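Structure, as structure tokens:
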Amino acid sequence: MKKGLIYLILCVLLCNYSYSQNRTVSKEEFTEIIKKGNRVYIEIPDDVSRAGEKYFDTYLTEWGYWKIVSNRDEANFIIVFNITNKGMGDKKVSATFLTKDGIEFLKSKNYKVSTTAFNGYNAYWAAAKKIVKKYFRKYFY
């Protein structure tokens with residue numbers, strides 16, 4: 001009897017977890033979440049990405065489409081800003097969009113940047129600039 005009850009509880013928990021992980025966002029929800037003027041929380045997954053955080057914040061603020069908030073609970077959605085080292089000063093940058101419940105509803109393509117004199121030998125600055133100019137400004141205007 002106890003084993004059966006434990007299995008039933010585990011099954012219910014796993015089914016709920018699976019549903020929440022596979023849930024999608026409707027077109028109406030998507031439009032409402034990303035509309036101009038909404039609040040966004042920027043999540044930084046690691047130290048490499050953190051090195052480009054201030055540049056990303058600056059470019060998003062200058063663009064002015066969304067308001068960046070410092071508290072996740074105040075946001076309409078979350079952007080996970082990710083920079084990956086690719087060696088020899090090269091970086092790969094991407095952004096993943098999440099609902100407040102953690103459901104992924106959009107992901108940018110990966111953009112590659114290199115450390116060069118044209119970007120002041122700062123690939124983090126170049127990565128933030130490139131994703132805002134090449135992806136955010138084009139996709140959301």
Among V132, V93, what is the fewest-to-most ranking by other Cβ atoms within 10 Å?
-> V132, V93
Lysines with Cα under 23 Å of K36, excluding same-chain neighbours fewer than 8 positions away = K27, K54, K67, K100, K107, K109, K129, K130, K133, K134, K138
Work out the charge dipole of segment 26-139 with +1 on the Cβ of Lys and Arg and -1 on the Cβ of Asp and Glu about the Cα centre, then indicate which of I131, N38, F97 is farthest towards its positive end.
-> I131
Residue-wise HN-Hα coupling along segment 47-54, computed from phi with Karplus coefficients 6.51, -1.76, 1.60 (Hz; x: Gly, Pro) = 5, 4, 5, 4, 5, x, 4, 5
For Y124, Y141, what ranking results if the residue with the fewest other Cβ atoms within 10 Å of its Cβ goes first?
-> Y141, Y124
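Bear in mind that the values in this text are calculations on the coordinates, not laboratory data. Because the structure is a prediction, the values reported are computed rather than measured. All Cβ positions, even for glycine, are placed from backbone atoms using ideal geometry, and neighbour counts span all protein chains on display.
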